[in-house]
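Comments concern the structure below.
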Amino acid sequence: MGDYSRDTFELTNVMHQVATGDAVTDARHYVGVRLQQAVPVLDADWNELEDIRRIDAQINLKHYFGDGIPSDNSGFQIGPVTADNDFTINAGMAMVSGMLVFNEVTGLTYTGQDTAFGVTMNALEPPPAGIRDDLIYLDVWHEELGPTGIDRTDERLTNPNIGIETARRIERRWLVRVEPGVSDISGIPQEPGHA
């Protein structure tokens, strides 16, 4: 994580409580941040404004639009391949818990996520005998990025005019995952911050 003075959104806002389930003591319904004359601007103020806007939009999309694929789109549709223990993942878009995700990779396969996204996917194994139901689902989360010093980096975030990083970025990430022998998603433990 970057070096931030504090997280006032997490400390004060009811939207943080609604979005994460974490209790906020004396939660307020803040919907904006106003800059005053002759006072310092802190990273916490800027970041709180960003969190208010992002989480407000995400909550609205989640509760009023829901999850799914647009009618003119086949994004993330699963299809067959000729290789054993693999499948295709269609390019396109999907809404997951108020977060719009895009698969821009044409011809992506389950095992191809290793190369495309730099992750290690669990190998798919056939059932020992007979048939088995497997659950295939889309996992979505946010991840902080900077030019150096963290797991995932983007060197383009270093400002070439001054030679240093200025602000971190939050990237929406996704992977198609498989749970062998599972037919109900409610039994899969959800990692914090994942949908």
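The values are calculated or read from the model by the stated rules, or taken from the named source; none is laboratory data. All values reported here derive from a predicted model rather than from experimental measurement. Quick reminder, even Gly has a Cβ in these numbers, built from the backbone with ideal geometry, and neighbours come from all protein chains shown. Heads up: the accessible areas ignore ligands, DNA and RNA and are worked out on the full protein's heavy atoms, side chains in. Shrake-Rupley method; radii C 1.70, N 1.55, O 1.52, S 1.80 Å.
Against the chain, whose longest principal axis comes from its Cα atoms, helix 43-60 is set at around 40 degrees. Using C-alpha pairs below 8 Å separated by at least 6 residues, the relative contact order for the chain is 14 percent.
Under the convention that each Lys and Arg Cβ holds +1 and each Asp and Glu Cβ holds -1, the size of the dipole of the chain around its Cα centre is about 480 debye.
Of the trypsin sites (Lys or Arg not before Pro) found in the range 112-167, those in coil by DSSP whose Cβ has at most 15 other Cβ atoms within 10 Å are Arg132, Arg152. Residues whose amide H falls under 5 Å from that of Glu165, counting only those 5 or more places apart or on a different chain, are Asn159, with hydrogens built in the peptide plane. Less than 5 angstrom separates the built amide H of Thr111 from those of Phe87, all sequence-distant by 5 or more or on a different chain.
Answer with one residue from His29, Val105, Thr148: the one whose Cα lies farthest towards the positive end of the charge dipole of the chain, charges on Cβ with Lys, Arg +1 and Asp, Glu -1. The residue sitting most towards the positive pole is His29. Over the range 79-160, accessible surface divided per residue gives 59 Å², non-protein components excluded, 1.4 Å probe. In the chain, the DSSP-assigned H stretches of four residues or longer account for a calculated mean residue ellipticity at 222 nm of -5000 deg cm²/dmol, using -39500 (n - 2.57) per stretch and the full residue count as denominator.
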